[in-house]
Amino acid sequence: MPPRKTQPTGRTPRLPDDLILEAAWLYYYEDRNQSEIAETLGVSRSSVVGYLQQARDSGIVEVRLDPKRFARHHHARTLKERYGLVDVQIAPGDDFSLERVALLAARCLPDLLEPGDTLGVAWGQTVFTLSEHVTARAIQDLTVVQMVGAVNSPYGFDSESCASRIAAAFRGRCVNLHVPAIVSSAAMAEALQRESVIAAQLSELGHINKALFAVGSCETDSHIVTSGIAGLEDLADYRARGAVGLICSRFIDRAGNHLAGRLDDRMIGLTPEKIRGLSTGILVSSGAEKIVGMAATLQGGYATHLFTDLPTAAGIVALGESAA
């Protein structure tokens, strides 16, 4: 019996390089899964796995990470691990941006609050900008307490409005401090704090379990100077003694410790050590001039959550690496 003749299939045998290219195209450009590719090419799924690996090894396919996204992830993870933070959120963009940082924090703030909380609120341009963009949400039995006495700011915001705006957004109770942040003498500060109305307001500071604050700089154009709390001679004195930043208008050193000085006895409001150890400390800051102060604040253990931008985060990471 003569041998049977095989019928032509009409299909040209596929070369290995062709299969690799086809598999890579289907996987990376058409988003096919490996099983679908195996069926299309008429090969096993394990063969597809091999083709895709060969595509990467030969340089046909390059797997790249978006450097901006990777940098944000890297810096966030580094800061969380270095300072023991619960969360770090970094606003996108290559430039310092107080507005983006404040907006990011404003959108996240409602999720950081719970019924029954007492939230202490500091002041400054960052905190005020945040207060303008907070997502309104009713939070039952929330109390918002102003942590710094009244400040005469030339920028169109003050310490009272920062706290009251946030309280209104969450339909919470607001406790303002009806007293200046700084007065003419230590005796005046002591007398005012003994007044029953002021004493009752200050007592609310003892109930704070969460705090929202920014870091002030020690530059000559800092809000601490332009608002009239400190003069240039005062600033120079604190800086000479190691001040690198401010929390609630009080100076701190590189270790994050409150650096008491010539102004403190005349000031009325929360001192930084009262923020340390709270269940939630929300630090919202941005800027080249804030990097050293922010690093000191994180080192001092005042924050559990950090909101900043990419260049600020990168600066804090680099500062820590240079000091190691």
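Odds and ends about this structure:
- Selection status of residue 308, of a type in the set (Val, Ile, Thr), part of a strand (DSSP E or B) and open to solvent by less than 10 Å² (accessible area, probe 1.4 Å): yes
- From the options 72, 82, residue that is modelled with pLDDT of 95 or more and either basic (Lys, Arg) or touching a strand residue (DSSP E or B) at 6+ places or on another chain (Cβ under 7 Å) (or both): 82
- Flag for residue 255 being over 16 Å from the mean Cα position of the chain (by Cα), farther than 25 Å from residue 186 by Cα and either open to solvent by 10 Å² or more (accessible area, probe 1.4 Å) or without any contact (Cβ under 8 Å) to a residue 12 or more places away in the chain (or both): yes
- The single residue among 35, 58 that is open to solvent by less than 80 Å² (accessible area, probe 1.4 Å), polar (S, T, N, Q), over 30 Å from residue 306 (Cα atoms) and at pLDDT 90 or above turns out to be 35.
- Taking the range 236-252 as the range and being within 25 Å of residue 193 (Cβ to Cβ), without any contact (Cβ under 8 Å) to a residue 40 or more places away in the chain and under 28 Å from the mean Cα position of the chain (by Cα) as the test, the residues that pass are 238, 243, 250, 251.
- In this structure, residue 221 qualifies as at pLDDT below 95, within 26 Å of the chain's Cα centre (by Cα), of a type outside the set (Ser, Thr, Tyr) and within 21 Å of residue 122 (Cα to Cα).
The values are calculated or read from the model by the stated rules, or taken from the named source; none is laboratory data. Computed from a predicted model, the values in this text were never measured in an experiment. Using ideal geometry, Cβ is built from the backbone for each residue, glycine included, and neighbour counts are taken over all protein chains shown. We work out accessible area using only protein heavy atoms, side chains counted, and drop any ligands, DNA or RNA first. Shrake-Rupley method; radii C 1.70, N 1.55, O 1.52, S 1.80 Å.
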